[in-house]
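J.: So that we are looking at the same thing, I have put the structure below in structure tokens.
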Amino acid sequence: MQQLLDQFEQILGANGVLTGEDVSSREAGWGRGACEAAAILRPRSTEELSQVLKICHEAGQPVVAQGGKTGMVDGCVAKPSELAISLERMNRVEELDPLSRTLTVEAGVPLQAVQEAAEEAGFSFPLDLGARGSATIGGNIATNAGGNRVIRHGMTRNLVLGLEAVLADGTIISSMSKVIKNNAAYDIKQLFIGSEGTLGIVTRAVLKLSPLLSSQNTVLAATDSFDKVTELLNYMDRELGGQLSAFEVMWNSYYTLATSEGEYGRQSPMERDYPYYILIEAMGTDQTRDAEHFELLLEQVFEREIIIDAVIAKSQKERDELWEIRDNILCFIEWFPVFLYDISLAIPDMERYLAGIEEKIVARWPQGRVGIFGHLGDGNLHVVVSIGSDDPQQHHEVNEIIYSALAPLNGSLSAEHGIGLEKRDYLQYSRTAEEIALMRSLKQTMDPKGILNPGKVLAPVT
Ligand SMILES: Cc1cc2nc3c(=O)[nH]c(=O)nc-3n(C[C@H](O)[C@H](O)[C@H](O)COP(=O)(O)OP(=O)(O)OC[C@H]3O[C@@H](n4cnc5c(N)ncnc54)[C@H](O)[C@@H]3O)c2cc1C
């Protein structure tokens, strides 16, 4: 290993290779203790990374790409025998092109810095998630991140026009196009988006920008049945004429915890015993006109008895307070230990699915609790389960209950967080044997020695 590290230092410079305490003083991943990688390599350019990977490929040395380490499936966690590759020194915003409406960035730029660079020039980069301050655009691309605005702008995949990545053997694949339409054969960049560092390491990207919207209207509404939640979604989506930018639903199980009087609870602006709470946001270009229209629509859904209560945010502070309830995942500390799930399924299947898993969990663990919230407009639910234990065998039993029930419904065990290590052994519940075989053959072609993030996403063949 030392011989390899000496070669890397020649390429990356003295600060480019971290070892010893410089490694162990860093986190392995979100909530995963100290980093155990043999060393952390910090390239400054695509060319440097290419040289490093060429050497790793020849030596059969495994590597793990790391961005902001906010991923939730242990995808960036490196073993003591592996080298971590941090993109933190590749953090330049290279170019904002106002005519193409694109932003060209290096992969290590934090998402928030991308958003701010776009906003300074009068544009918006609409990808948004709670970890925006730490998560990098490279990590967002590698996980095909979703977040709060997917209902309007799509996943990260829809926001990337061009991309540069380095393959396992050091080959640079540069596809830094700014065009929206590009049907010149296979869309190679899509292979890297969502592949969690197993097919290549993303180094640069051309991002698609949107106009910066100046109006924002937000309401927290309550309904008494799931049918009314879906009626509300369809009504608001249709009547807002493209302005709907968030439709987040909180089941009572989540809402009461997120607004409890405990240490982590937020103040509730309305009664806490409604079955469903919905945070709706619309964004447009004229605050006065858009607010009037938004309020008119809310009056209409009240009159039609689709909603039974509502609180409209009248200031940015009130808007933030409503979002803090929705984003209050810390409230689950009161239920610790907990298991987090990020599933998706067709909206008409949701109620039946949730009733089925709750019944099985409470039958097996009478003290079991299930909290549910999520990006319902995208078919994405976050399910949080507490059984009063984090015993691995019982965790596996809960996983089986949650994931196996998705298979007959063609649901997905990962709506946005990816597979990593955590969900790897359950992939067959969401992908057919033929799909997994094709994934394996892609991996074999692009990384024949299996040095990129080994053991993640696809289980090793035994
Ligand atoms: C509070 C909180 C809220 C969150 N909310 C959301 C949400 O709403 N939606 C959502 O989708 N996710 C969410 N996440 C999860 C996480 O923020 C995303 O998965 C994010 O995209 C990860 O980016 P990262 O830079 O931290 O990547 P990391 O965690 O460092 O890495 C994630 C994976 O990508 C690989 N990788 C990282 N960089 C590269 C690269 N340059 N090239 C190739 N592979 C790479 C890693 O090997 C790993 O497999 C949340 C996380 C937290 C902590």
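The values are calculated or read from the model by the stated rules, or taken from the named source; none is laboratory data. Being a predicted model, the structure only gives us computed values, none of them experimental. Glycine gets a Cβ as well: all are built from the backbone with ideal geometry, and neighbour counts include every protein chain shown.
J.: Has region 202-210 got at least one residue that is within 16 Å of the ligand (Cβ to nearest atom), assigned to a helix (DSSP H, G or I) and over 30 Å from Glu305 (Cα atoms)?
T.: no
J.: Are any of the residues in region 183-201 closer than 21 Å to Ile325 by Cβ and out of contact with any Asp or Glu (no Cβ under 6 Å at 6 or more places or on another chain)? Steps first, please.
T.: Going through region 183-201, the residues closer than 21 Å to Ile325 by Cβ turn out to be none.
Scanning region 183-201 turns up no residue that is closer than 21 Å to Ile325 by Cβ and out of contact with any Asp or Glu (no Cβ under 6 Å at 6 or more places or on another chain).
J.: Among the numbered criteria (1) within 16 Å of the ligand (Cβ to nearest atom); (2) in contact with a Leu (Cβ under 6 Å, 6 or more places away or on another chain); (3) of a type outside the set (Val, Ile, Thr), which single criterion is violated by Asp237?
T.: The number of the failed condition is (1).
J.: Condition check: without any contact (Cβ under 8 Å) to a residue 12 or more places away in the chain, more than 12 Å from the ligand (Cβ to nearest atom) and more than 12 Å from Phe8 (Cβ to Cβ). Does Glu47 satisfy that?
T.: Spelling it out, it is not the case that Glu47 is without any contact (Cβ under 8 Å) to a residue 12 or more places away in the chain, more than 12 Å from the ligand (Cβ to nearest atom) and more than 12 Å from Phe8 (Cβ to Cβ).
J.: Taking the options Ala168, Ala121, name whichever one is over 17 Å from the mean Cα position of the chain (by Cα) and either at pLDDT below 95 or buried (at least 21 other Cβ atoms within 10 Å of the Cβ) (or both).
T.: Details: Ala121 fails: either at pLDDT below 95 or buried (at least 21 other Cβ atoms within 10 Å of the Cβ) (or both).
None of the other options fit; the residue is Ala168.
J.: If you don't mind, there's one more thing I want to ask. Within region 217-227, which residues are more than 27 Å from the chain's Cα centre (by Cα) and over 28 Å from Ser315 (Cβ atoms)?
T.: The first filter runs over region 217-227 and keeps only residues more than 27 Å from the chain's Cα centre (by Cα), leaving 223-225, 227.
Those that are more than 27 Å from the chain's Cα centre (by Cα) and over 28 Å from Ser315 (Cβ atoms): Asp224, Ser225, Asp227.
J.: Taking the conditions exactly as written (among the hydrophobic types (A, V, I, L, M, F, W, C), crowded, with 19+ Cβ neighbours inside 10 Å and away from the ligand (no atom under 12 Å from the Cβ)), does Val63 satisfy them or not?
T.: no
J.: Follow-up question, since we're still on this one. Please verify whether region 92-105 includes one or more residues that are within 12 Å of the ligand (Cβ to nearest atom) and crowded, with 22+ Cβ neighbours inside 10 Å.
T.: The answer is yes, given that some residue of region 92-105 is within 12 Å of the ligand (Cβ to nearest atom) and crowded, with 22+ Cβ neighbours inside 10 Å.
J.: Please list, ordered by residue number, the helices (runs of 4 or more DSSP H) wholly in region 3-121 having 3 or more residues that are small (Gly, Ala, Ser).
T.: So the answer is 111-120.
J.: Continuing with this model, one more query. Restricting the first residue to region 183-208 and requiring it to be closer than 17 Å to Gly170 by Cα, which pairs with a second residue that is near the ligand (Cβ under 9 Å from one of its atoms) and polar (S, T, N, Q) meet a Cβ separation below 8 Å and a spacing of at least six or different chains?
T.: Qualifying pairs under 8 Å: Gly197/Asn453; Thr198/Asn453.
J.: Please go through (1) away from the ligand (no atom under 12 Å from the Cβ); (2) under 21 Å from the mean Cα position of the chain (by Cα) for Lys178 and return the number of the only condition it doesn't satisfy.
T.: Condition not satisfied by Lys178: (2).
J.: Say we look at region 137-161 and pick out the residues that are more than 7 Å from the ligand (Cβ to nearest atom) and part of a loop (DSSP other than H, G, I, E, B); which of these is nearest to the chain's Cα centre (by Cα)?
T.: Here the answer is Asn144.
J.: Select, from Gln428, Gln393, Gln444, the only residue that is surrounded by fewer than 18 Cβ atoms within 10 Å (Cβ to Cβ), part of a helix (DSSP H, G or I) and touching a helix residue (DSSP H, G or I) at 6+ places or on another chain (Cβ under 8 Å). Walk me through how you get there before you give the answer.
T.: On the way: Gln393 fails: touching a helix residue (DSSP H, G or I) at 6+ places or on another chain (Cβ under 8 Å); Gln444 fails: touching a helix residue (DSSP H, G or I) at 6+ places or on another chain (Cβ under 8 Å).
The unique qualifying residue is Gln428.
J.: On to the next question. Here are some conditions: (1) away from the ligand (no atom under 12 Å from the Cβ); (2) more than 22 Å from Ala131 (Cα to Cα); (3) in contact with an Asp or Glu (Cβ under 8 Å, 6 or more places away or on another chain). Cys56 meets all but one. Which one does it not meet?
T.: Result: Cys56 fails condition (3) only.
J.: Please verify whether Ala282 is in contact (Cβ under 8 Å) with a residue 60 or more places away in the chain and either within 30 Å of Gly262 (Cβ to Cβ) or outside the structural domain of Arg238 (by TED's automatic domain parsing) (or both), treating the condition exactly as stated. Outline the logic, then answer.
T.: Details: in contact (Cβ under 8 Å) with a residue 60 or more places away in the chain: yes; either within 30 Å of Gly262 (Cβ to Cβ) or outside the structural domain of Arg238 (by TED's automatic domain parsing) (or both): no.
Considered against the rule, which asks whether it is in contact (Cβ under 8 Å) with a residue 60 or more places away in the chain and either within 30 Å of Gly262 (Cβ to Cβ) or outside the structural domain of Arg238 (by TED's automatic domain parsing) (or both), Ala282 comes out as no.
J.: Quick check on Glu164: is it within 30 Å of Ala39 (Cβ to Cβ), outside any loop (DSSP other than H, G, I, E, B) and away from the ligand (no atom under 14 Å from the Cβ)?
T.: No.
J.: Now for a different question. Among Ser86, Ser134, Ser81, which is the only one that is of a type in the set (S, T, N, Q), more than 12 Å from the ligand (Cβ to nearest atom) and farther than 20 Å from Met176 by Cα?
T.: Selected residue: Ser81, the only one of Ser86, Ser134, Ser81 that is of a type in the set (S, T, N, Q), more than 12 Å from the ligand (Cβ to nearest atom) and farther than 20 Å from Met176 by Cα.
J.: If you don't mind, another one. Need the failing condition index for Leu129 against (1) modelled with pLDDT of 95 or more; (2) among the aliphatic types (A, V, I, L, M); (3) more than 19 Å from Glu47 (Cβ to Cβ); (4) touching a strand residue (DSSP E or B) at 6+ places or on another chain (Cβ under 8 Å), just the number.
T.: Going through (1) modelled with pLDDT of 95 or more; (2) among the aliphatic types (A, V, I, L, M); (3) more than 19 Å from Glu47 (Cβ to Cβ); (4) touching a strand residue (DSSP E or B) at 6+ places or on another chain (Cβ under 8 Å) one by one, Leu129 breaks only (1).
J.: Here's something else I'd like to know. Could you tell me which residue of region 325-375 is farthest from the chain's Cα centre (by Cα), considering only residues that are aromatic (Phe, Trp, Tyr) and over 23 Å from Pro408 (Cβ atoms)?
T.: The extreme case among them is Trp365.
J.: Inside region 418-462, can you point out the residues that are of a type in the set (S, T, N, Q), more than 13 Å from the ligand (Cβ to nearest atom) and touching a strand residue (DSSP E or B) at 6+ places or on another chain (Cβ under 9 Å)?
T.: Once the filter is applied, which keeps residues that are of a type in the set (S, T, N, Q), more than 13 Å from the ligand (Cβ to nearest atom) and touching a strand residue (DSSP E or B) at 6+ places or on another chain (Cβ under 9 Å), region 418-462 yields only Ser430.
J.: Look at region 258-289 and say how many of its residues are of a type outside the set (Ser, Thr, Tyr), touching a strand residue (DSSP E or B) at 6+ places or on another chain (Cβ under 6 Å) and farther than 29 Å from Pro126 by Cα.
T.: Within region 258-289, residues that are of a type outside the set (Ser, Thr, Tyr), touching a strand residue (DSSP E or B) at 6+ places or on another chain (Cβ under 6 Å) and farther than 29 Å from Pro126 by Cα number 1.
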